[in-house]
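The values are calculated or read from the model by the stated rules, or taken from the named source; none is laboratory data. Only a predicted model underlies this, so the values are computations on that prediction, with no experimental measurement involved. Cβ sites come from the backbone with ideal geometry, for glycine too, and all protein chains shown count toward neighbours.
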Amino acid sequence: MKKLTLKILFFFLVSQGVAIAQNSQIEWGEKVLINNVPVFNDLGKVSEAGGTAGRHHGMFGAQYGRMLKLANGKWMVGYTVSRNNGYAKDPEGGLELEVAESSDNGRSWKKIATISDKGRDLDNAQLIQLPDKTILLACRSVRWQESYRLPVYRSTDNGRTWVKLSTIDTNEGKPGELGKPDKGVYEPHFYFLNDGRLSVMYASEKHVTDSVSYSQIISQKISPDYGKTWGEEIWVAYEPGHNSSRPGMPVWTKMKNGRYIVVYEICGPEKCNIYFKTSNDGISWPVGLGTIIPDQLGGPYIISLTDGRLIVTSNQSTVSISEDYGKTWYKTTPAWENTLWPAIYQTGKEEVGIINSVRRTEGGHNIQVRFGKIKK
């Protein structure tokens, strides 16, 4: 009778969306270093994001890694590095992006390119490959409280060289004009729609000064020509009457059942908990803030495995799995004890890799990926 009662309680909790710890479904193994920018002895040499030279004494290192499996079987990664005096002290300074590739399924990496936008901070790299094998990289390009852009770069030589293709969204002002509150655009994430068109989601603060104000929303745009031009803004995550809620950092994918799912943090009153929504076509999304995913906090990332399971991770370091397209979630063994802007990818039939900005003992972060075996 006791076992039966516990079983009934278990299924009741699952039906209510409560996360239940089950046996590990991911067995984590090796860690691979992708980038470890040297620590500079000159404490004022390298800046932190925001253009404030020396704020972290040259200890930024590398952060915010995002990977892509190419059609030729190689993996590519983009991440943020800080190697100069920052645009506040150097007109040509600012955060840069590095691109690296792996020919052995992520076990070793070689830097192949650097992308800079002189006098601006680049960050939030995200990659996608088009049907013609062209690679696009979207990011944010910022002069804080003054100029916010979401540029798209294109490479036709497997990431060796990059040229600017377009701008998804922008907000331009005089120095200090776009602050208090900030009015920026951030964190673009590409995906393809059912009809093959390229689409992108991102976080936008541009509506904070509208007559009906929103501190931040998740926006979406669709390109009819693979990133050369972008259509009208679509509102994905917001809720009337909750103008202080801040949905941000969207990541979206298509599930095995044909529907789309997007995950995002909501800061402000929701304290950066992670929420999600689903859509039949990846274009029409229900109004509201969405549904919470338990045990996740800040900077989420989601993948849909080939077997249909969903895996979510975030800055909480928790790894959560859903076997019913998001209706219920349960925790499995985390890959890291301390995560910053993690992202997760399926790297083999029974393997995933989580890329992470790993804190260094000497200060700042480096970029590592850890591989795990998926269990049934």
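May I ask you to list pairs of residues, at least six apart or on different chains, whose Cβ atoms are under 7 Å apart, with the first in the stretch 101-123 being surrounded by fewer than 20 Cβ atoms within 10 Å (Cβ to Cβ) and the second being of a type in the set (Asp, Glu)?
Lys110/Glu101; Lys111/Glu98; Ile112/Glu101; Thr114/Glu96; Thr114/Glu98; Ser116/Glu96; Lys118/Glu92; Gly119/Glu92
Of all the strands (runs of 3 or more DSSP E) wholly in the stretch 32-120, which have at least 3 residues that are over 30 Å from Glu351 (Cα atoms), within 24 Å of the chain's Cα centre (by Cα) and modelled with pLDDT of 95 or more?
none
Name the residues in the stretch 209-228 that are within 13 Å of Thr167 (Cα to Cα) and either surrounded by 14 or more Cβ atoms within 10 Å (Cβ to Cβ) or among the small types (Gly, Ala, Ser) (or both), would you?
Scanning the stretch 209-228 gives Lys221, Ile222, Ser223, Tyr226, Gly227.
Does the stretch 141-151 contain any residue that is surrounded by fewer than 16 Cβ atoms within 10 Å (Cβ to Cβ) and more than 21 Å from Val369 (Cβ to Cβ)?
There is no residue in the stretch 141-151 that is surrounded by fewer than 16 Cβ atoms within 10 Å (Cβ to Cβ) and more than 21 Å from Val369 (Cβ to Cβ).
Those residues that are closer than 23 Å to Val200 by Cβ and at pLDDT below 95, I need them from the stretch 239-284; list them, please.
Hit for the stretch 239-284 is Glu239, nothing else.
At least 1 residues that are among the aromatic types (Phe, Trp, Tyr) in each: list the strands (runs of 3 or more DSSP E) lying fully within the stretch 260-348 that qualify.
Fully inside the stretch 260-348 and qualifying: 260-267, 273-279, 301-304, 330-332, 343-348.
Using the structure shown, decide if Ser357 is assigned to a strand (DSSP E or B), more than 23 Å from Glu98 (Cα to Cα) and under 17 Å from the mean Cα position of the chain (by Cα).
Against the criterion (assigned to a strand (DSSP E or B), more than 23 Å from Glu98 (Cα to Cα) and under 17 Å from the mean Cα position of the chain (by Cα)), Ser357 does not qualify.
Any residue in the stretch 75-95 that is crowded, with 23+ Cβ neighbours inside 10 Å and at positive phi?
Yes; the residues of the stretch 75-95 include at least one that is crowded, with 23+ Cβ neighbours inside 10 Å and at positive phi.
Please work out if Ser322 is polar (S, T, N, Q), under 20 Å from the mean Cα position of the chain (by Cα), under 26 Å from Gly258 (Cβ atoms) and surrounded by 16 or more Cβ atoms within 10 Å (Cβ to Cβ).
Criteria met by Ser322.
Would you confirm, using the coordinates I've provided, whether Tyr226 is out of contact with any Pro (no Cβ under 6 Å at 6 or more places or on another chain) and assigned to a loop (DSSP other than H, G, I, E, B)?
Criteria met by Tyr226.
Can you give me the number of residues within the stretch 247-274 that are surrounded by 22 or more Cβ atoms within 10 Å (Cβ to Cβ) and without any contact (Cβ under 8 Å) to a residue 40 or more places away in the chain?
Adding up the residues that qualify gives 1.
If you go through the stretch 365-376, how many residues are crowded, with 24+ Cβ neighbours inside 10 Å and assigned to a loop (DSSP other than H, G, I, E, B)?
0
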